[in-house]
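Asker: The following block contains the structure, expressed as structure tokens.
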Amino acid sequence: MEAFRDGYDVARPSAFELFAEHQLDGHFKPALAFVVAHYAQRFPRYLIPLLNRIDEVHLLLAAVANAYYLRIWNGSVAQNFYNLRLASSAAILAGHGHIPLTRRLRRHALLALLLPAYLGAKLDAFFQLDRPEAEQQLDELLLDDDPQDAVAAPANPTAPHRTAWRRQVWYTRSRAVYRHLKRVMGLVSLLLQLGYLTDRSRWFSWPLALAGLEPVRIAQADVARKDAMDAARLAAAVGDAVPPAATRLGRLRRAARVALAASRARAVQHAHHVLPAGIMIYRFLEWWQTSELAQGPADPIPPPPPPLAPHPKGVAVPEDPRACPLCGAAPRVTPAALPSGYVFCYTCIVPSLQEHRRCPVTWAPMDVSAVRRLYVSD
Ligand SMILES: [Zn+2]
């Protein structure tokens, strides 16, 4: 296949920039969940419902943030962090890659950026494919892909049974279809990325390809456009707020307002570093919490609590540590321990507990369910 563009294109980002951008994009939701889960411990009434709907909360926030960035910078938050923006493939082919996106293309971009990830997360959860790898592998062993084999029809089906069985068959079958679809989409993504890396594909990801958009580097023209927008907004703010000043006090107030508006504009300009920096800090905290460094040197094993003293009404503890306090057999037959720490023959302790519901030595109340067999190898 021929290269799509002649020679080296400075606007075309490298595959590694796009890998990094995708990675950053994927961290926003876990970071949001991490923060919400942290504060949910303090404000459970308000935040637990949010935590249960974290996919929707993330979708909403991502839609607002990305719509803003698309309007100002023609790219998503993550793209902007890596100095990338989106351009329509048609415009690039026609040599107009620098023109801003139309409102319609911005809408398409927003859908392509958000919808596949959201739907994927929802379907993964529905088909229980969002759990750790090991659990899923266990599922694969238990759940056969062929639903007719996996779910046997009930022998004498009543109407509700038959409905439940049909639903189960439907679920198993669609789960298998979804898993195959996911594998195919994974393969398509991989091929696109390999194609992009080797200059054989225009697109790095299929949602943007479907929307007819591709990432390009932010150019001088984009920065100039943004500066012009900022300047216009600043002028509008100052012009609205302050009437032309005649007196000295008026001029002073006007200067103060200009300084304030300018610093506010600068704050907004730097705000887009805050979110990615927060992600980095979150990643660090997450790593720190699981790392051995944070856990410090291993604590020494705490000493066992002192043994419960024998009760005056209880049986005496035999001299031989291997002997059963109830029958005196040494060693004990099928030894069994109680939470009090004393060990008896299993056949001695069970009837004793059934009768008295107390440890025979310490007189501490307990019942048969507390007995633990000990498997001692000689
Ligand atoms: Zn015994």
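Asker: Looking only at helices (runs of 4 or more DSSP H) that lie completely in the range 47-95, which have at least 2 residues being surrounded by fewer than 20 Cβ atoms within 10 Å (Cβ to Cβ) and more than 25 Å from the chain's Cα centre (by Cα)?
Answerer: 54-73, 89-93
Asker: Pull out all pairs, ordered by first then second residue, where Cβ-Cβ is under 9 Å, the residues are six or more apart or on different chains, the first lies in the range 313-334 and is closer than 21 Å to Arg358 by Cα, and the second is of a type in the set (Phe, Trp, Tyr) and within 11 Å of the ligand (Cβ to nearest atom).
Answerer: From the range 313-334, the pairs are Cys324/Phe344; Pro325/Phe344; Leu326/Phe344; Cys327/Phe344; Arg332/Phe344; Arg332/Tyr346; Val333/Tyr346; Thr334/Tyr346.
Asker: Among the residues that make up the range 81-92, is at least one of them hydroxyl-bearing (Ser, Thr, Tyr), more than 26 Å from Met280 (Cβ to Cβ) and touching a strand residue (DSSP E or B) at 6+ places or on another chain (Cβ under 8 Å)?
Answerer: yes
Asker: Does Ile281 meet the test of being under 30 Å from the mean Cα position of the chain (by Cα) and modelled with pLDDT of 80 or more?
Answerer: It is true that Ile281 is under 30 Å from the mean Cα position of the chain (by Cα) and modelled with pLDDT of 80 or more.
Asker: Is one or more of the residues making up the range 324-344 loosely packed, with under 11 Cβ neighbours inside 10 Å, more than 10 Å from the ligand (Cβ to nearest atom), modelled with pLDDT of 90 or more and within 53 Å of the chain's Cα centre (by Cα)?
Answerer: no
Asker: Sort out which residues of the range 321-341 are hydroxyl-bearing (Ser, Thr, Tyr) and touching a Leu at 6+ places or on another chain (Cβ under 8 Å), and write them in order of number.
Answerer: If the condition is that a residue be hydroxyl-bearing (Ser, Thr, Tyr) and touching a Leu at 6+ places or on another chain (Cβ under 8 Å), then Ser340 is the only one that fits.
Asker: Please give the number of the condition Pro312 fails out of (1) assigned to a loop (DSSP other than H, G, I, E, B); (2) near the ligand (Cβ under 10 Å from one of its atoms).
Answerer: Only one criterion in (1) assigned to a loop (DSSP other than H, G, I, E, B); (2) near the ligand (Cβ under 10 Å from one of its atoms) is unmet by Pro312, namely (2).
Asker: On to the next question. Going by the structure shown, is Pro276 more than 10 Å from the ligand (Cβ to nearest atom) and either in contact (Cβ under 8 Å) with a residue 40 or more places away in the chain or of a type in the set (Ser, Thr, Tyr) (or both)?
Answerer: yes
Asker: Among the residues of the range 345-373, what is the count of those that are surrounded by 14 or more Cβ atoms within 10 Å (Cβ to Cβ), within 11 Å of the ligand (Cβ to nearest atom) and farther than 18 Å from Pro307 by Cα?
Answerer: 7
Asker: Out of all the residues in the range 78-120, which are aliphatic (A, V, I, L, M) and more than 15 Å from Leu208 (Cα to Cα)?
Answerer: Passing the criteria: Leu93, Ala94, Ile99, Leu119.
The values are calculated or read from the model by the stated rules, or taken from the named source; none is laboratory data. Model, not experiment: these values are computed from the prediction. Neighbour counts are summed over all protein chains in view; Cβ atoms, including those assigned to glycine, are modelled from backbone coordinates with ideal geometry.
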